[in-house]
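Each remark here refers to the structure printed beneath this line.
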Amino acid sequence: MTDHFSATVACPVGAQLGEGPVWHAPSASLWFTDIKRHELLNYHPASGRLRRIAAPAQAGWVWPVDDGSLLAGLQTGLHRVDPVCGSFRLLCAPEPALPGNRLNDATVDAQGRLWFGSMDDAHQAASGRFWCLRNGQLHDTGLAPVPITNGPAVSPDGRTLYATDTAGRRILAAPIHDDGTLGTARVLVQLTESEGWPDGPVVDSEGAVWTGVWGGWGLRRYSAAGELLQQIRLPVANVTKLAFGGDDLRTAYITTARQDLDAAALARQPLAGHLFTVRLPVPGLPATALAAAGLQAPGLRPPAPGPL
């Protein structure tokens, strides 16, 4: 059931690995990253301005903080970023014993908790974990380690976490308890080899889960029960994630990638790596800014190592 919404290029970014889009309502702009080029990017649709900030390591995601700064998930850990001067300050390395891992994707729920994942940069070892930063402290969520994490995303009622095991081609759903811990996860979506790999998930205002599909040429929308509701095809194969933006949160901004495409594939996909946009009938949810106070807590330190 492919919906023929017209996705167009919003900005010709040419990202090697575009990821992590998040709409920043106060500035009416989109933050996202180019992981492999070590960049944070900010796109302002009204002016068409694109700004690039060089990061000191691979940048998986970026998120607004309520004091005007940013938090970025780099290969080296969680960094506070001054978007004016472009400076980075390391706060915490969640996995100091795993230098081959990097941080890959994140979200903040309505309670202000940061959920994020790590992954093996070589895409081989099951060393990627899902983490939660709440009340100024880092916690391992207890979900089983996988090679490549994506998401997580959180349902509108805050009671379900959607976590993607990209290498396993599946999206998991786990109940969130009142204290922020997780219950037993179940498989919500399982893609086949011919369908591609689920990438970054995000939830809309109706509670449906949207996911970019790496190697799948588009986006998919699933119900909270795992039923495929919609597909939107793009003219590029590697679609990573969308963010809902604009005044009504119905304008989707979609990151894509040139990575893993050889010269012949790039010739067939000249728009690969660009930022796309499409208007959707169902709005998304507003992004919750991180609280700066929680990033200054003494508990923000590497957690005790656990078994892999």
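The values are calculated or read from the model by the stated rules, or taken from the named source; none is laboratory data. Everything numeric here is computed off the predicted structure, so don't read it as measured data. Heads up, the Cβs are rebuilt from the backbone with ideal geometry, glycines too, and the neighbour counts pull from every protein chain shown. The accessibility values were calculated without ligands, DNA or RNA, using every heavy atom of the protein model including side chains. Shrake-Rupley method; radii C 1.70, N 1.55, O 1.52, S 1.80 Å.
Quick one: 3J(HN,Hα) in Hz for the stretch 121-130, Karplus 6.51/-1.76/1.60 with θ = phi - 60°, rounded, Gly and Pro as x.
After applying 6.51 cos²θ - 1.76 cosθ + 1.60, I find 5, 8, 6, 10, 6, 7, 10, x, 10, 9 Hz.
Hey, can you find the accessible area per residue of the stretch 1-89 for me, probe 1.4 Å, expressed in square angstrom?
I get 40 Å² per residue for the stretch 1-89.
How far apart, in nm, are the 7 Å Cα→Cβ label points at Val84 and Glu227?
About 5.2 nm, to one decimal.
Just to check I understand the Karplus step: with θ = phi - 60° and J = 6.51 cos²θ - 1.76 cosθ + 1.60, what whole-Hz values come out for the stretch 246-260, glycine and proline as x?
Result, ordered by residue: x, 4, 9, 6, 10, 9, 8, 10, 10, 8, 9, 9, 8, 4, 6 Hz.
Which residues among the stretch 98-116 fall inside the zone where the amide N is under 20 Å from a point 7 Å beyond the Cα of Arg159, along Cα→Cβ?
Residues 109-113 qualify, since their backbone N sits under 20 Å from the label point.
Relative to the present Cα-Cα distance, how much length would full extension add between Gln190 and Ala97 at 0.36 nm per residue of separation? Don't skip to the answer; put the middle values down first.
On the way: separation 93, 0.36 × 93 = 33.48 nm, distance 3.14 nm.
Stretched out fully, the Gln190 to Ala97 stretch lengthens by 30.3 nm.
With the chain treated as a Gaussian network of Cα nodes joined by springs under 10 Å, which of Gly180, Gly18, Gly218 yields the largest mean-square fluctuation?
Gly180
Return the FRET efficiency for the residue pair Ala25, Asp260: r is the Cβ-Cβ distance, R0 is 30 Å, and the value is rounded to the nearest 0.05.
The calculated FRET efficiency here is 0.35.
Say we join alpha carbon atoms closer than 10 Å with springs in a Gaussian network model of the chain; which of Gly158, Gly20, Gly86 then has the biggest fluctuation?
Looking only at Gly158, Gly20, Gly86, the largest GNM fluctuation is found for Gly86.
Tell me the Kirkwood radius of the stretch 100-146: reciprocal of the mean inverse pair distance over distinct alpha-carbon atoms, in Å. Numbers along the way, then the final one.
On the way: mean 1/r = 0.0904 Å⁻¹.
Radius from the Kirkwood sum: 11.1 Å.
With +1 on the Cβ of every Lys and Arg and -1 on the Cβ of every Asp and Glu, and nothing else charged, how large is the dipole of the chain about its Cα centre, in debye rounded to the nearest 20?
Numbers: 24 positive and 27 negative charges, 94 e Å.
Computed charge dipole of the chain: roughly 460 debye.
What's the carbon and sulfur percent of the chain's accessible surface, probe 1.4 angstrom, rounded to a whole number? Numbers along the way, then the final one.
Details: 6470 of 12170 Å².
Of all accessible area on the chain, carbon and sulfur atoms account for 53 percent.
Compute the normalised compactness of the stretch 18-119: alpha-carbon radius of gyration over 2.2 N^0.38 Å, N being the residue count. Working shown, then result.
Numbers: Rg = 12.9 Å, N = 102, 2.2 N^0.38 = 12.8 Å.
It is 1.01.
Who wins for biggest fluctuation among Ala93, Ala272, Ala106 in a Gaussian network model of the chain, springs between alpha carbons below 10 Å?
Maximum among the listed residues: Ala93.
So how much slack lies between His139 and Ala54, counting 0.36 nm per residue of separation and subtracting their Cα-Cα distance, in nm?
Working: separation 85, 0.36 × 85 = 30.60 nm, distance 2.88 nm.
Result: 27.7 nm gained on full extension.
Quick one: which residues, 5+ away or cross-chain, put their amide H under 5 Å from the amide H of Arg37? H built at 1.01 Å from N.
Under 5 Å from the amide H of Arg37 lie the amide H atoms of Gln16, Leu17, each far enough along the sequence or on another chain.
Using just the alpha carbons, could you tell me how many Å³ per residue the convex hull of the chain encloses? The partial results should precede the final answer.
On the way: hull volume 37.4 nm³, N = 308.
Spelled out: Cα convex hull of the chain, divided by residues, is 122 Å³.
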